[in-house]
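The values are calculated or read from the model by the stated rules, or taken from the named source; none is laboratory data. Quick caveat, the model's predicted, so the values are computed rather than measured. Positions of Cβ are generated from backbone atoms using ideal geometry, with glycine treated the same way; all protein chains shown enter the neighbour counts. Just so you know, the surface numbers come from the protein's heavy atoms only, side chains and all, with ligands and any DNA or RNA stripped out. Shrake-Rupley method; radii C 1.70, N 1.55, O 1.52, S 1.80 Å.
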Amino acid sequence: MSDHLNIRLFRFNPEIDVEPRFEELQVPTFENMAILDVVMHIQNYLDRSLSFRFSCRVGMCGSCALYVNGRPRLACRTQVSALKTQNITIMPLPNLPIIRDLVVDMEPFFEKWKKIKPYYVSRKDIVDPVVVHPDSNEREFIDEMLDCIACGCCYGACSMAATNEEFLGPPALNRAYTLIADKRDAIRVERLKVVDKSYGVWRCHTQFNCSEVCPKNIVPTRSIQNLKKRCVLKKIGVFK
Amino acid sequence: METIKADILILGSGGAGLFAALHAYDCNPHLKIVMATKGLVGKGGCSRMVQGGLNVVLNENDSIEKHFKDTLKGGGFINNQELAWTLVTDAPKAVHELEVKVGCFFDRGEDGRIHQKAFAGQSFDRTVHVADLTGIQIIGRMPDQIFARDITVLEETRGLDLLTAEDGNRVVGAVLSNIRTGEIFLVNAKVTIIATGGSASMFKISAPSFDKTGDGMAMCFRAGAEFVDMEMVQFHPTGLIAGKSRLNGSLLEEGLRGAGARLYNGLGERFMEKYDPEHLERSTRDRVARSNYMEIMAGRGTKNNGVYLDASHLGAAFVEEKFPGMVERVKDIGKDLAREKVEVTPTAHYQMGGAIIDTNCQSSLKGLLVAGEDAGGAHGANRLGGNGICDSTVYGRRAGDLAAELASQEHVLPYDEAEAEKIRMRWLRPMTQESRENIYPIRDEIENLMWENVGLVRTGNKIKEAIGRLDALLEKAGRASVENRFIRQYNLEWNNIIDVINLITVSRMVATSALYREESRGGHYREDFPKTDNSNWLINICQKRKDDTGIELTQKPVVLNRLKWEEIENIK
Ligand SMILES: Cc1cc2nc3c(=O)[nH]c(=O)nc-3n(C[C@H](O)[C@H](O)[C@H](O)COP(=O)(O)OP(=O)(O)OC[C@H]3O[C@@H](n4cnc5c(N)ncnc54)[C@H](O)[C@@H]3O)c2cc1C
């Protein structure tokens, strides 16, 4: 590893600046350095006015997604060495408004999330935790999909979300899947109606952009395909 | 100043804050509830980072009494017994609610029922979990319940200080700052719930999320609330060593030791045989962490000042299946947890001490409830792994219930405008004064000072030295100014100055209490008083603010109302 990195850093204050600019900085490297370490080093020692968002630093909270060398990534889980270059361009996550520098406004993301009724509604007849044998396929791959940390990487990578303002996008649809497939939930059909729209599951063109960038190795495309299947089953009256 | 009127103001959106909001709303949907949180909702704080799981009695062969005794034994018997009892009796309700109302789905065992795994210091395997990253499920689903209700959520909005009325005996809301715009405003509320999650982040090596800087505790202290056993800080034995990376000090969860992972020093000795031959690596956190530290200090550590955690003998397939999150994390530093030993260090993790509350989260000030890690007492001198998220869910629920009840009875009392303005001006100072005092070296100094002088092994002289230094640093941090004072929006440096002042405020309480307790117990170890002294120190140390920044200490004997001394003698 070389002893320093050449960083091109996106800077923008919508309140003051007419347009964004790039700042060029040299940052010394150290072992196990992640992109989060890079931006923190810059903010602490080189330019204290830089803004970015972070919290847990271990890939659990999903606060620090950035667009690094042409791809959405979690800053805390992206090792500098894995980028295999000394030249690194750091930008905010695409497809979302910018608050300042690398901080985006997640509001549109969560507005769509809320549209699919993301909250669990328990069936009236379920009064206790259900008994589910580990080898039954009752949970299909719900639990795997529930590992989503809502970081927005997939949303930033999705070419459909980029061009269709209405499109619900992979994370909201993935969350919808986890509830629609959950037999304990009382409003599965209602939720399926929300996603069974042109701006819902049918806008996904199965390009797998989302799955390529997911830091949790989730494949939202799979959830979306399963939702499509259920939408068809509903039309022929089989999904209840 | 812009003013919002509310029935209930909640600060924080971890397990405690989220549950408080949910319960308050469900008790009375007509109430105006405002939840302000420093990060994005459900993303900040440590509940999100819970790995191992949550302790609860579900199995017929287990019992509430056993969980209670384990909690007291782990806590060195200075726990507030009522709080510990409430913790264990309400835990099944909290887990039931998480599954049935919130929709969580904990891992199942062979029999199809909720699986419970082994943690340290427990007489029964009672930790429910979702693999090894449980918090994602719990805190991933809670905000969705908040979205389903008419609750006002103010994201990236931090509490700065509490507002008081009636000669300072009642809290009537808080002054806050919107981090995105830099605007300072206030919420005038009937009831204020502090749930900002404490923080052990004043140490060089620590595990909590970066947004936690003891804000709630510092706010409570400045408002005059009473605290208990602030010297009790938990160090987790197995923090990952990752050099200068921010990953340094992040946790490798306790379930690994629960499953049989072993610890070795640099000489290859399984040193827990020496410190706790009966329980070995499954001994309680305080003991294992201190043993690690002693080995390192005695020169028997690894190259990078740690010890080795070895799970490889458990079988690579087993480790990969049961601990996928930990395997991934370790992979980030180029190591393979399933196949080789990994260097670990003790890491500051949790504060057992905190604001004094009763079983319904009522603090010593009217109108102020405190829940979760900000509150003290339930865990005594050492918290059991798995009792933390248990605490924030149990007490979050209770705080919400009481807040709804109080808010339905009371009126909004006016705040003192001069006080509000004074608070605003105080926190604006870093933006207006031109001292060029840089906050970052101050922060580094506190972290080193606390680690060296008030860390795992303490002595009177070193603590005294630290207290003197902390006083000076508090003053210095008060002079710090922001480099670019024209940018108020999302100004990290400005927020860091506020963070550091809060960290020092809490550190002073920790150090003052640590100096006072002349014995060793749980997380508090005094080299100059290495023994646990039950004849003199079965007491709780209370403190509150005196004058401007002074601290007044008092001591109270531990109330042994449920588990009597004779019984304790038997289970020791
Ligand atoms: C890495 C890690 C792993 C853990 N694993 C376990 C485990 O397996 N089992 C277990 O029982 N416990 C575990 N714990 C402990 C557990 O996480 C805590 O006990 C518990 O989550 C505390 O909950 P809380 O609601 O009090 O605070 P937190 O969940 O920490 O939430 C605090 C909230 O307050 C917000 N906040 C902070 N300052 C302000 C402010 N000024 N204004 C407004 N909001 C503010 C934060 O953004 C956050 O939303 C773990 C802790 C860590 C760090």
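One table, with the values for the structure above:
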{"item": "Selection within the range B:285-294 - in contact with a helix residue (DSSP H, G or I) (Cβ under 7 Å, 6 or more places away or on another chain) and open to solvent by 30 Å² or more (accessible area, probe 1.4 Å)", "result": "B:R287"}
{"item": "Criterion: within 14 Å of chain A (Cβ to nearest Cβ), touching a helix residue (DSSP H, G or I) at 6+ places or on another chain (Cβ under 9 Å) and of a type in the set (G, A, S) - qualifying residue of B:G140, B:G159", "result": "B:G140"}
{"item": "Criterion violated by B:I78 - all others in (1) within 11 Å of the ligand (Cβ to nearest atom); (2) open to solvent by less than 10 Å² (accessible area, probe 1.4 Å); (3) outside any helix (DSSP H, G or I) satisfied", "result": "(1)"}
{"item": "Counted residues, the range B:473-516 - those being in contact with an Asp or Glu (Cβ under 7 Å, 6 or more places away or on another chain), assigned to a helix (DSSP H, G or I) and over 19 Å from B:L456 (Cβ atoms)", "result": "5"}
{"item": "Residues being near the ligand (Cβ under 10 Å from one of its atoms), hydrophobic (A, V, I, L, M, F, W, C) and assigned to a loop (DSSP other than H, G, I, E, B) - total across the range B:26-57", "result": "4"}
{"item": "In the range A:163-216, the residues that are over 19 Å from A:K114 (Cα atoms), basic (K, R) and either open to solvent by 20 Å² or more (accessible area, probe 1.4 Å) or away from every other protein chain (no Cβ under 14 Å) (or both)", "result": "A:K183, A:K216"}
{"item": "Residue within the range B:168-191 that is free of Cβ contacts under 8 Å to residues at least 40 places away in the same chain and surrounded by fewer than 24 Cβ atoms within 10 Å (Cβ to Cβ) present", "result": "yes"}
{"item": "Matching entry among A:R57, A:R53 (being within 18 Å of B:Q489 (Cβ to Cβ) and within 16 Å of the ligand (Cβ to nearest atom))", "result": "A:R53"}
{"item": "The one condition in (1) surrounded by fewer than 21 Cβ atoms within 10 Å (Cβ to Cβ); (2) modelled with pLDDT of 95 or more that B:V319 fails to fulfil", "result": "(1)"}
{"item": "Residues of the range B:263-278 that turn out to be in a loop (DSSP other than H, G, I, E, B) and open to solvent by 80 Å² or more (accessible area, probe 1.4 Å), as a count", "result": "4"}
{"item": "Yes/no for B:G121 being within 14 Å of chain A (Cβ to nearest Cβ), touching a residue at least 40 places away in the same chain (Cβ under 8 Å), part of a loop (DSSP other than H, G, I, E, B) and buried (at least 23 other Cβ atoms within 10 Å of the Cβ)", "result": "no"}
{"item": "Hey, A:K114 free of Cβ contacts under 8 Å to residues at least 24 places away in the same chain and either facing chain B (nearest Cβ under 9 Å) or open to solvent by 30 Å² or more (accessible area, probe 1.4 Å) (or both) or not", "result": "yes"}
{"item": "Only one of B:A218, B:A189 that is more than 10 Å from the ligand (Cβ to nearest atom), more than 14 Å from chain A (Cβ to nearest Cβ) and not β-branched (V, I, T)", "result": "B:A189"}
{"item": "Residue in the range B:159-166 that is modelled with pLDDT under 95 and either within 23 Å of B:L18 (Cβ to Cβ) or more than 11 Å from the ligand (Cβ to nearest atom) (or both) present", "result": "yes"}
{"item": "Criterion (touching a residue at least 40 places away in the same chain (Cβ under 8 Å), in a strand (DSSP E or B), open to solvent by less than 10 Å² (accessible area, probe 1.4 Å) and not assigned by TED's automatic domain parsing to the domain that holds B:R517) met by exactly one of B:A20, B:A6", "result": "B:A6"}
{"item": "Segments classed as strands (runs of 3 or more DSSP E), wholly inside the range A:11-111, with at least 2 members that are farther than 25 Å from B:M49 by Cβ and free of Cβ contacts under 8 Å to residues at least 60 places away in the same chain", "result": "A:21-28"}
{"item": "Count of the range A:134-162 residues which are assigned to a helix (DSSP H, G or I), farther than 19 Å from A:V201 by Cβ and open to solvent by less than 50 Å² (accessible area, probe 1.4 Å)", "result": "2"}
{"item": "Close pairs from the range B:248-261: first closer than 17 Å to B:G388 by Cα, partner open to solvent by 10 Å² or more (accessible area, probe 1.4 Å) and of a type in the set (S, T, N, Q), Cβ under 7 Å, at least 6 apart", "result": "B:L251/B:Q51; B:E253/B:Q51"}
{"item": "Residue satisfying all of: in the range A:7-41; under 27 Å from the mean Cα position of the chain (by Cα) and of a type in the set (S, T, N, Q); farthest from A:L66 (Cα to Cα) among these", "result": "A:N32"}
{"item": "Count of the range A:147-188 residues which are in contact with a Pro (Cβ under 6 Å, 6 or more places away or on another chain) and basic (K, R)", "result": "1"}
{"item": "Condition met for B:M232 (open to solvent by less than 10 Å² (accessible area, probe 1.4 Å) and within 26 Å of the chain's Cα centre (by Cα))", "result": "yes"}
{"item": "Complete set of residues in the range B:393-407 that are within 13 Å of the ligand (Cβ to nearest atom) and open to solvent by less than 10 Å² (accessible area, probe 1.4 Å)", "result": "B:T393, B:V394, B:Y395, B:G396, B:A399, B:G400"}
